[in-house]
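In what follows, a single structure is set out as structure tokens and then discussed.
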């Protein structure tokens, strides 16, 4: 028994437990055109393990209002110390862009966009696409680093935490769907972000 305990302790020392942090943003609170916001439905799950970010995007649009997703937009907190992201996978069909202007929802720090004109790829209704990124910077990194900051305004007039471009909808409609918290949620978000930033600084 002592041998088993000693072995377990040794494994914990040699192979430290990797901390996993996860946050989810559900779109469909706001739309950029006449398409109702509730039909522009997608789930964005951010998972951070050490210096790796995995973004799982699920297209939740359903008939009769099905759309494909061709772009996903998100931000990073300036205080997080993230200096760059590098898209590791998928290796084809998608590209990473920075400072992309979405119009009314402003400019986002990072965008994964399908390879239109090269290797076009889209997330179809009911499908999930997982994007994996290598995070550069000081760390430690948390999923909330990518779910708590707003897009840059201007040029838009409605800052959002995340957005996606929905295309090939009914009558070939396309629109941006975004998550914009209600005013009450904004106050709670600001308070939580202040406490989190303070805690983060004291633990570095």
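Yes/no per residue for (1) within 19 Å of residue 54 (Cβ to Cβ); (2) modelled with pLDDT of 95 or more:
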| position | (1), (2) |
| --- | --- |
| 73 | yes, yes |
| 78 | no, no |
| 84 | yes, yes |
| 88 | yes, yes |
| 93 | yes, no |
| 101 | no, yes |
| 105 | no, yes |
| 108 | yes, yes |
| 116 | no, no |
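Would the range 182-203 turn up any residue that is at pLDDT below 95, under 21 Å from the mean Cα position of the chain (by Cα) and part of a loop (DSSP other than H, G, I, E, B)?
Checked the range 182-203: at least one residue is at pLDDT below 95, under 21 Å from the mean Cα position of the chain (by Cα) and part of a loop (DSSP other than H, G, I, E, B).
Give just the number: which of (1) touching a strand residue (DSSP E or B) at 6+ places or on another chain (Cβ under 7 Å); (2) surrounded by fewer than 15 Cβ atoms within 10 Å (Cβ to Cβ) does residue 91 not satisfy?
Condition (1) is where residue 91 drops out.
Do we find that residue 21 is over 25 Å from residue 125 (Cα atoms), modelled with pLDDT of 95 or more and either assigned to a strand (DSSP E or B) or over 17 Å from the mean Cα position of the chain (by Cα) (or both) in this structure?
Answer is yes for this residue.
Surrounded by 14 or more Cβ atoms within 10 Å (Cβ to Cβ), in contact with a helix residue (DSSP H, G or I) (Cβ under 7 Å, 6 or more places away or on another chain) and within 17 Å of residue 164 (Cβ to Cβ), is that true of residue 74?
yes
Within the range 27-46, how many residues are touching a helix residue (DSSP H, G or I) at 6+ places or on another chain (Cβ under 7 Å) and modelled with pLDDT of 95 or more?
In the first step, residues of the range 27-46 are kept if they are touching a helix residue (DSSP H, G or I) at 6+ places or on another chain (Cβ under 7 Å); the result is 28-31, 46.
So of that shortlist, the ones also modelled with pLDDT of 95 or more come out as 29-31, 46.
Residues that pass the stated criteria total 4.
Would you mention how many residues in the range 28-63 are more than 13 Å from the chain's Cα centre (by Cα) and buried (at least 16 other Cβ atoms within 10 Å of the Cβ)?
Result for the range 28-63: 13.
So, in the range 70-92, how many residues would count as being closer than 15 Å to residue 179 by Cα and assigned to a strand (DSSP E or B)?
4
Identify, from the list 148, 136, the residue that is within 13 Å of residue 25 (Cα to Cα) and modelled with pLDDT of 95 or more.
Step by step, each of 148, 136 is checked, and only 148 is within 13 Å of residue 25 (Cα to Cα) and modelled with pLDDT of 95 or more.
Among 54, 98, which is touching a strand residue (DSSP E or B) at 6+ places or on another chain (Cβ under 7 Å), in a strand (DSSP E or B) and either more than 16 Å from residue 128 (Cα to Cα) or free of Cβ contacts under 8 Å to residues at least 60 places away in the same chain (or both)?
So the residue among 54, 98 that is touching a strand residue (DSSP E or B) at 6+ places or on another chain (Cβ under 7 Å), in a strand (DSSP E or B) and either more than 16 Å from residue 128 (Cα to Cα) or free of Cβ contacts under 8 Å to residues at least 60 places away in the same chain (or both) is 98.
Can you name the residue in the range 37-51 that is free of Cβ contacts under 8 Å to residues at least 40 places away in the same chain and touching a strand residue (DSSP E or B) at 6+ places or on another chain (Cβ under 6 Å) and is also farthest from residue 161 (Cα to Cα) among such residues?
49
Go through 141, 108 for me and flag whichever is in contact with a strand residue (DSSP E or B) (Cβ under 7 Å, 6 or more places away or on another chain) and in a strand (DSSP E or B).
Result: 108 is the single residue among 141, 108 that is in contact with a strand residue (DSSP E or B) (Cβ under 7 Å, 6 or more places away or on another chain) and in a strand (DSSP E or B).
Which residues, counting only those in the range 126-172, are surrounded by fewer than 16 Cβ atoms within 10 Å (Cβ to Cβ) and closer than 16 Å to residue 39 by Cα?
Passing the criteria: 126, 127, 168, 170, 171, 172.
Keeping to the range 160-181, report how many residues are out of contact with any strand residue (DSSP E or B) (no Cβ under 6 Å at 6 or more places or on another chain) and under 21 Å from residue 46 (Cβ atoms).
Residues flagged as out of contact with any strand residue (DSSP E or B) (no Cβ under 6 Å at 6 or more places or on another chain) and under 21 Å from residue 46 (Cβ atoms) within the range 160-181 amount to 1.
The values are calculated or read from the model by the stated rules, or taken from the named source; none is laboratory data. The structure presented is a predicted model; accordingly, all values stated were derived computationally and were not measured. Ideal geometry is used to build each Cβ from the backbone, glycine not excepted, and the neighbour counts take in all protein chains shown.
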